[in-house]
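Where a number appears in this text, it was derived from the coordinates with a stated rule and is not lab data. Only a predicted model underlies this, so the values are computations on that prediction, with no experimental measurement involved. Cβ atoms come from the backbone with ideal geometry, glycine included; neighbour counts cover every protein chain shown.
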Amino acid sequence: MTQSLQRTPLYKTHLVLGGRMVPFAGWEMPIQYKEGILAEARAVRASAGLFDVSHMGRIFLHGVDSGSLLDWVTTAEVPKLALGQGRYTFICAESGGILDDAIVYHLAQDDYLLVCNASNRPAVWDWLQRWQRQRFPSVVMEDRTTQVGMIAWQGPASIAAMERLLSGLPGKLRPFRIAQAAVAGISCLVARTGYTGEDGFEVMPSSADTPVLWQRPQETGAVPCGLGARDVLRLEAALPLHGNDITRDTSPYEAGLERFVSLDKEGAAMPALKAIAHRGISRRLTGFKMVERGVPRHGYSILHNDRIIGEVTSGGYSPTLDAYIGMGYVSVELSAPGSRFTIDVRGRRQEAEAVHLPFYSRRRA
């Protein structure tokens, strides 16, 4: 029997807005709305967009050893996080392969929140449980994914609009910080994070309050956006997608994300990661632009001197750059900007050039 798809608190809202619903990571999610993916992506870059990301996992950890448990399973130095601070990190297997990428937030003295990818939530929960039982039995874990919604409000116009709706937030909320606040009178966690390459927020109210809170950004002009626009935006910003650009068969070093690995500590994956850091890598996740017109899709072969050397992990059209871009693993030598190779686009070999990442970076005030 086929397992039924889960629905977020905003499912009915998406239908009313004309969202085209598709299966994604076990959930029924909007891929786009009436104006289309490219229009939604442009709206986020120019003004503000609104995303339902309630499908992502939200695991709360409590107890004096909760920080130690997260320190053991992630690549971040969790005990060094200040109250209210968040950190992008990896959850790696004992082999050094990436089980998931996530954000860990320090909510209170002995309280943390781990936000993980929807498709990996069961595996992350099992991994946490394993080490909780073996090393940190006093930690209490709660998977509150279905009890707490999550709305991403992204784009340059979101900052001023959010400031008008916020109350009770001490000081200015800086990037990668989280706080309990009232947004339009609704109590929720507010984090200044996102997955689009733009400034913005991820707001976490109760599931019951999520449809009500969704309306307020729309009243300020924020455009509802689906998973299609989110994928375009994160590719432009060279933000990796687990299952495509990073997997259990890749390490943070191969992904070019070693800056998020703290080797000066112990942990489940630390022996393997230290060994990888010591011996070096032979391939690296590399960004490229198409020199010849062609759309590089996930899974297309990358060739050099008529030999397959890898495959495209993410690719497509960038409306911001008006260019066809992609990422894939190639040898360290070919990862240098300016290197040339070809992409097999439906049987035609189209030339591509390695470039610096990210493809797009927002202007900072």
**Q.** Gyration tensor verdict on the range 1-80 (Cα atoms; rounded if a/c is under 1.5, prolate if a/b is larger than b/c, oblate otherwise)
**A.** oblate
Q) In nm, to one decimal, how far is the modelled label at Gln218 from the one at Arg259, with both set 7 Å along Cα→Cβ? A) 3.8
Q | Calculated semi-axes √(5λ) of the Cα gyration tensor in Å (choose from (1) 36, 22, 20; (2) 32, 28, 18; (3) 44, 26, 20), label | A | (2)
Q | Dipole axis of the range 138-271 (+1 Lys, Arg; -1 Asp, Glu on Cβ), positive-most option in Pro240, Leu189, Gly226 | A | Leu189
Q: With all distinct Cα pairs included, what does the Kirkwood hydrodynamic radius of the range 263-306 come out to in Å, to one decimal, could you say?
A: 14.3
Q: Within 10 Å, count the other beta carbons around each residue, average over each peptide in 270-282, 314-326, 291-303, and list them highest first.
A: 314-326, 291-303, 270-282
Q) With the radius of gyration and the Kirkwood radius both derived from the Cα set of the range 34-168, what is their ratio Rg to Rh? A) 1.04
(Q) Once you place label points 7 Å from the Cα toward the Cβ at Glu333 and Asp306, how far apart are they in nm? (A) 1.8
Q: Report P(r) for the range 147-202: all Cα-Cα distances, bin width 5 Å, range 0 to the bin holding the largest distance, values in whole percent.
A: 4, 20, 34, 28, 12, 2
**Q.** Only Lys, Arg (+1) and Asp, Glu (-1) charged, at Cβ; the chain dipole about Cα centre in debye
**A.** 480
Q: Provide the net charge surrounding Ala184, with neighbours chosen by a C-beta distance below 13 Å and charges set as Lys +1, Arg +1, Asp -1, Glu -1.
A: -1
Q. Given +1 on the Cβ of Lys and Arg, -1 on the Cβ of Asp and Glu, and no further charges, what dipole in debye does the range 127-239 carry about its Cα centre, rounded to the nearest 20?
A. 460
Q: May I ask for the net charge around Thr313, where only other residues with Cβ less than 13 Å from the Cβ of Thr313 are counted and Lys, Arg are +1 while Asp, Glu are -1?
A: -1
**Q.** Convex hull volume per residue for the range 235-362, taking Cα atoms only, in Å³
**A.** 111
Q. When only Cα pairs under 8 Å and 6 or more residues apart are kept, what is the percent relative contact order across the chain?
A. 17
Q) Mind ordering 215-222, 332-339 by average Cβ neighbours within 10 Å, highest first? A) 215-222, 332-339
Q. How high is the FRET efficiency from Phe24 to Asp111, r the C-beta distance, R0 30 Å, rounded to 0.05?
A. 0.50
Q | Ranked packing of 10-17, 99-106, most packed first, by mean Cβ within 10 Å | A | 99-106, 10-17
(Q) What FRET efficiency comes out for Ala123 versus Ser187 if R0 is 25 angstrom and r is the Cβ-Cβ distance? Round to the nearest 0.05. (A) 0.20
Q: Check the straight Cα-Cα distances from Lys80 and name the lysines below 30 Å, setting aside those fewer than 8 residues away within the same chain.
A: Lys172, Lys265, Lys274
Q | Of Ala269, Phe359, Val203, farthest towards positive along the dipole that unit charges on Lys, Arg, Asp, Glu beta carbons give the chain | A | Phe359
Q. Within a Cβ distance under 15 Å of Tyr112, other residues only, what is the Lys/Arg minus Asp/Glu net charge?
A. -2
Q | Helical mean residue ellipticity (222 nm; -39500 (n - 2.57) per DSSP H run of 4+; nearest 500) of the chain | A | -6000 deg cm²/dmol
Q: Please list, or write none, the lysines whose alpha carbon is within less than 17 Å of the alpha carbon of Lys34, excluding same-chain residues fewer than 8 places away.
A: Lys12
